[in-house]
Each structure stands twice: as structure tokens, then as C-alpha cells.
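One structure below.
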Amino acid sequence: MHIAIVGCGAMGSIYAGLLASDGNEVLAIDTNEQHVQSINTNGLRISGASGDRTVTLRAYTSAPTQHMDLVIFAVKSAHVASAVANAKSLIGPETLVLTIQNGLGSADALNDALTTGNLIVGVAQGFGASLPEPGHAHHNDMKTIRMGAYAQLSNEAVEQVAGVWRSAGFDAAAVPDIAAMQWEKLICNVAYSAPCALTGMTIGEAMDDPALGPVSRAAASEAFEIAQARGINLSFDDPVAHVRDFAARMPEAKPSVLLDIQAGRISEVGFINGAVPREAEKVGLSAPINTTLTRLVQALEQHNINQSINQSIKGC
């Protein structure tokens, strides 16, 4: 299969490496020039739970003109709209599009930008991916990939894509209820994304910390309550056990929101913890815990940006 990965950061690189290892023709698209150059020069190294391998594939900083069988968007939620605009040269009438992001809301923006209707929404759980250096992606675990049709796309098409992922070594499956799978991942994300970003703790440290642990669990429980109010059919009834099991699989991992804060980037906390109050409003409720956590992270982001600007001015 001819596959393009748009957003070949930590998670996107794991996807690209394993899919390419299985014989698919994979193109990697990413704005990180050093990462792209290293992939083209030395290959893409994948280490961690799936073993240690280096694969050869083509990498670009901007999308070439080549219609693919499958385009996977693995960019951060806030960058989906711009990514699809820059990747339209990859998408033909028959191209299947799979989007995998944290949180809620990015699939709607992507669907609005597409004209084919061939959209699949995916959720990745339990990878703990990072980029130790350009051209090298590491992951602590590889739990599941779940995907479902966004709208009118046939189940057969979704199952075809899931089969490609399974062949590459992923625990991948097509599911009929994409809302449930998104919320089950979101509940894990809200427990650790903002709390870890604010403290610098790993997932395992946040889970067990006597001060932060109760905040983490409260954020998850609040999201669980909103999901129930929204009529989401979750597969569990104990959110605390659910998020503790999630953390126990990769206690040393750092959430992407923390990694963004440490790198001085704007995070996707608004699509993770910030999604809970937006969903709560739809049923006349509020989500004060996740609202507060979101605002604290956004305040920290702005503070870091202001500091960077001030330092740049002083250096002139």
C-alpha cells in the first residue's frame, strides 16, 4: 500500500517505521528539517517496545504531488487544518484518510476540509513515544490502535486499513463506536496531560504523588461524569482504575503536553483537558477541574512565550 504520514513526529515516526517495515511504500511529511534530513540520510530508527530497527523511506518537509492509497494525519490537534491544506496533493478521489490525534474536535475540522468523505478517525493508546534525536523515535509500549468511520465511509474500508496496521505489528481494530473510543482515551489524557505539564512529573510520578495524584484522579472522574451525561457508552465504570492501568503500563512516559511545554511550544491542552468543559456545556453542565487545569497550562504557555520574546529582545 502507498501510505503518507503527515506529521512524522514521535508517534508519526512509529507509524511510519513499522508500516514501512511491513513492505508498504511510506512517505514521511514533517516540518522538522533536521528530522527529515536525518531520515533521508541515515534511515528512520525505531526503538523500544517493538524492537530496534532502521528502515529506509522518503521524507519531505512539504508534500509531493502523488496520490496515495492512505494518508495518515498524525499532527497535533491544533495543526490539523493547516496540515490538510498543505497535504491536498497527496489526496485523490479514492484516497482513504486516517486522522489520529489526542482529545476531541480535530476530526471535525479535517472533515470540513476534505471533499471525498473518506475519513477514518483513529485513537492510539499506550505508546509513550518520544524523539531522542533527529531520525530516531522511541516508544515505551504499544497498546492499541482503534479506528472507525467518521460518516458515510463503509466498514469494509475501515477494516481494510485496520488490517494493514495489524500486518505491521499493531494491535489494530475497526470499531463501530468512535465516540466511545475517543472518550476512553480522553479520560486517560486529562488525568495526566495538564497535571504533568504543570509539574514536570512523568505519568507514573503523577499517579502516585500524594499531592498531585488526587488532582489527576479528579480530572479523570470529572471527564467520566461528563461522558456519562453525554450518553457515551464506555467500556468501564471505574475511571480511576482505568487511568491507573493506563499509567502502570508506561510510568516513565511524559505526556505530549509536557513535552510541548518543555520545548516552548503551544500544546494541544485545549483539545484534551479543554475539551471536557466544551462537552459539558452541551448538556448544561460545567467542568471546573478541567477548566482550571486548562487555563493554568495556557497561562504557563503564554508566560514561556513572553519570556522567550523578552530574551530575544535583550539579545538584539
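The values are calculated or read from the model by the stated rules, or taken from the named source; none is laboratory data. Everything numeric in this text was worked out from a predicted model, so none of it was measured. FYI the Cβ positions are ideal-geometry reconstructions off the backbone, even for glycines, and counts take in every protein chain you see.
What to note about this one:
- Subset tally (residues that are surrounded by fewer than 19 Cβ atoms within 10 Å (Cβ to Cβ), out of contact with any His (no Cβ under 8 Å at 6 or more places or on another chain) and among the acidic types (Asp, Glu)) for the stretch 1-40: 2
- The stretch 28-42, residues that are in contact with a Pro (Cβ under 7 Å, 6 or more places away or on another chain) and of a type in the set (Val, Ile, Thr): none
Here's the yes/no breakdown for (1) at positive phi; (2) acidic (Asp, Glu); (3) buried (at least 22 other Cβ atoms within 10 Å of the Cβ); (4) at pLDDT below 95:
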{"site": "Leu119", "(1), (2), (3), (4)": "no, no, no, yes"}
{"site": "Gln125", "(1), (2), (3), (4)": "no, no, no, yes"}
{"site": "Leu131", "(1), (2), (3), (4)": "no, no, no, yes"}
{"site": "Asn140", "(1), (2), (3), (4)": "no, no, no, yes"}
{"site": "Thr144", "(1), (2), (3), (4)": "no, no, no, yes"}
{"site": "Leu153", "(1), (2), (3), (4)": "no, no, no, yes"}
{"site": "Glu156", "(1), (2), (3), (4)": "no, yes, no, yes"}
{"site": "Ser167", "(1), (2), (3), (4)": "no, no, no, no"}
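- Residues of the stretch 108-140 that turn out to be under 22 Å from Asp245 (Cβ atoms), of a type in the set (A, V, I, L, M, F, W, C) and outside any loop (DSSP other than H, G, I, E, B), as a count: 3
- Any hit, the stretch 107-117, residues being farther than 19 Å from Cys8 by Cβ, acidic (Asp, Glu) and not assigned by TED's automatic domain parsing to the domain that holds Arg244: yes
- Here Asp260 meets each of (1) modelled with pLDDT under 95; (2) in a helix (DSSP H, G or I); (3) surrounded by fewer than 19 Cβ atoms within 10 Å (Cβ to Cβ); (4) not hydroxyl-bearing (Ser, Thr, Tyr) with one exception, condition (3).
- Residue count, the stretch 92-107 (criterion: among the hydroxyl-bearing types (Ser, Thr, Tyr) and in a strand (DSSP E or B)): 1
- Selected residue (only one of Phe246, Phe224 is in contact with a Cys (Cβ under 6 Å, 6 or more places away or on another chain) and either within 30 Å of Val97 (Cα to Cα) or not aliphatic (A, V, I, L, M) (or both)): Phe246
- Residues being crowded, with 19+ Cβ neighbours inside 10 Å, at pLDDT 95 or above and not in a loop (DSSP other than H, G, I, E, B) - total across the stretch 189-202: 9
- Pairs meeting the criteria (first residue in the stretch 171-189 and free of Cβ contacts under 8 Å to residues at least 12 places away in the same chain, second residue part of a helix (DSSP H, G or I), beta carbons under 9 Å, at least 6 apart or on different chains) are lacking.
- Among the conditions (1) touching a strand residue (DSSP E or B) at 6+ places or on another chain (Cβ under 8 Å); (2) within 21 Å of Gly126 (Cα to Cα); (3) assigned to a loop (DSSP other than H, G, I, E, B), Tyr15 misses just one, which is (3).
- Residues in the stretch 80-91 that are surrounded by 21 or more Cβ atoms within 10 Å (Cβ to Cβ) and either part of a helix (DSSP H, G or I) or among the basic types (Lys, Arg) (or both): Val80, Ala83, Val84, Leu90.
- One residue alone among Leu285, Leu293, Leu234 is modelled with pLDDT of 95 or more, in a loop (DSSP other than H, G, I, E, B), under 26 Å from Ala179 (Cβ atoms) and of a type outside the set (Gly, Ala, Ser), and that residue is Leu285.
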